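Nothing in this text is a laboratory measurement; each read-out follows from the coordinates by a stated rule. Predicted model, so just to flag it, every value in this text is computed and none were measured. Heads up, the Cβs are rebuilt from the backbone with ideal geometry, glycines too, and the neighbour counts pull from every protein chain shown.
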Amino acid sequence: MGRATASVIAVALFAAAAGPPPGSRDDATLALRLPSEASGVFWRASRAPLRWTEADASLSGLLSWHAGQPGVEWATLPIAGQGEAHALTLVVARIDPRAMSFDLVWSIERDRPAWTIDRAGDAALALNAGMFVERLPWGWVVMNGRERLPPGHGPLSSALVGLADGRLVWVDGDDVSTWRGRAEGDVRFAFQSYPTLLVGDGEVPLALRNGAINGTHRDARLALGLDRQERLLVVLTRLDIPIPGADRVPFGLTVPEMAAVMGALGARQAMLLDGGISAQLAISDSAGRAKEWKGLRKVPLALVARTGPE
């Protein structure tokens, strides 16, 4: 038995033994992990909001931010879910787009995905972008003003569009025709992903509320969102148990739970990126030292941010 396989088995046994029983979907809760016995519950499935307002953003004021490079700050927050998600850490990054330049990195070598955060270089922030099907990213990809892949279609997809003037545009749904029809070069970069977590001004999509999307599958998650101050939010979940390598094991939250996390952190729009063993994030501190949360799989597309406007 390989060391990695043994570690995964050990993590699974630890999580099963230490965590509370999963219970039903309607019983699910998310809570802060507090040193005291005080209740830190911030979400209950049985009373889940249909829309997350600014007043519901109960987690945003609890974060102790660390300075990254100018325009980037990051924090961690310990939370507890059900079953194997009983001990998780949220890694949260907040990015001011006005202080950053963004690039998509296409990375396929020898017909295989090739990017990891080891290739982030001097980036202020870097993460895997979108979803991928087999070897290619899923859906619309625009790089340096040229369309690399055509739009994908699905009611629970969203898109992030970077304009040539530096502005970011969030698109709810799969209709990107308004932006696809712009003059060549007006859209500097764009990509789609799915499923959508929040639309409009904090609304939870019906499919996440009525069971149309799998509400019981748990996985490590990576999400991207936009808050009401037009800042980007990046949120990564990591398993937090005392076994070496456990943080990269793909145990975590359900899709509706991740929507709740994004709403409680103040996002008004949000979507999942590829999670599981693909999820990875690098953030450089003010001295240029990288803080890394590595994945176990190479990916074909990355979003990279550097200090300084376009």
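What net charge do the residues around residue 233 carry, taking every other residue with its C-beta under 12 Å from that of residue 233, with Lys and Arg at +1 and Asp and Glu at -1?
Values: positive: 94, 228, 231, 268; negative: 73, 96, 227, 230.
Surrounding charge for residue 233 is 0.
In sequence order, what are the phi-derived ³J(HN,Hα) couplings for the range 106-122 according to the Karplus relation 6.51 cos²θ - 1.76 cosθ + 1.60 with θ = phi - 60°, rounded to whole Hz, with x for glycine and proline?
8, 9, 10, 10, 6, 6, 9, x, 9, 8, 9, 5, 4, 9, 6, x, 8
Say each of residue 62 and residue 119 gets a label point 7 Å from the Cα, pointing the same way as Cα to Cβ; how far apart are those two points in nm?
Placing both labels 7 Å along Cα→Cβ, they lie 3.7 nm apart.
Placing unit charges on C-beta atoms (Lys and Arg positive, Asp and Glu negative, everything else neutral), compute the dipole magnitude of the range 94-196 about its Cα centre in debye, rounded to 20. Spell out each step's value before the answer.
On the way: 12 positive and 14 negative charges, 18 e Å.
Using Cβ point charges on Lys, Arg, Asp and Glu, the range 94-196 gives about 80 debye.
I'd like to know which of 72, 264, 91 lies farthest towards the positive end of the charge dipole of the chain, counting +1 on Cβ of Lys and Arg and -1 on Cβ of Asp and Glu.
Farthest towards the positive pole: 91.
If you stretched the chain out fully between residue 180 and residue 229, how much longer would it get, using 0.36 nm times the residue separation minus the C-alpha to C-alpha distance? Let's see the in-between values first.
Details: separation 49, 0.36 × 49 = 17.64 nm, distance 2.56 nm.
Contour length minus Cα-Cα distance gives 15.1 nm.
Which of 287, 120, 87 ends up with the largest GNM mean-square fluctuation for the chain, with Cα atoms connected below 10 Å?
So, out of 287, 120, 87, the one fluctuating most is 287.
Report the Rg/Rh value for the range 83-151, based on alpha-carbon coordinates and the Kirkwood definition of Rh.
Values: Rg = 15.1 Å, Rh = 14.8 Å.
Taking Rg over the Kirkwood Rh, I get 1.02.
Rounded to the nearest 20 Debye, what is the dipole magnitude of the chain about its Cα centre when Lys and Arg each give +1 and Asp and Glu each give -1 at the C-beta? It would help to have the intermediate numbers written out before the result.
Values: 32 positive and 33 negative charges, 102 e Å.
For this selection, approximately 480 debye.
Using θ = phi - 60° and the Karplus relation 6.51 cos²θ - 1.76 cosθ + 1.60, list the HN-Hα couplings for the range 163-178 in order, rounded to whole Hz, with x at every Gly or Pro.
Per-residue couplings from phi come out as 8, 5, 7, x, 6, 10, 10, 9, 10, 7, x, 9, 8, 9, 4, 4 Hz.
Taking only Cα atoms of the chain, what ratio of Rg to Rh do you get with Rh as the Kirkwood inverse-distance radius?
Numbers: Rg = 18.6 Å, Rh = 19.6 Å.
My calculation puts Rg/Rh at 0.95.
Once amide H atoms are built 1.01 Å from N in the peptide plane, which residues 5 or more positions from residue 216, or in another chain, come under 5 Å H to H?
none
With each label point set 7 Å from Cα along the Cα-Cβ vector, what nm distance links residue 216 and residue 136?
3.5
Got the relative contact order for the range 160-310 handy, in percent, Cα pairs under 8 Å and 6 or more residues apart?
Details: 254 pairs, mean separation 35.3, N = 151.
The value is 23 percent.
Which value, in debye to the nearest 20, describes the size of the charge dipole of the range 107-159 about its Cα centre when Lys and Arg Cβ atoms bear +1, Asp and Glu Cβ atoms bear -1, and nothing else is charged? Intermediate results must be reported in sequence, preceding the final value.
Working: 6 positive and 6 negative charges, 21 e Å.
Here the size comes out at about 100 debye.
Taking a spot 7 Å from the Cα of residue 96 along the direction of its beta carbon, which residues of the range 107-148 have an amide N less than 18 Å from it?
Only 124-125 fall inside the zone, counting backbone N under 18 Å.
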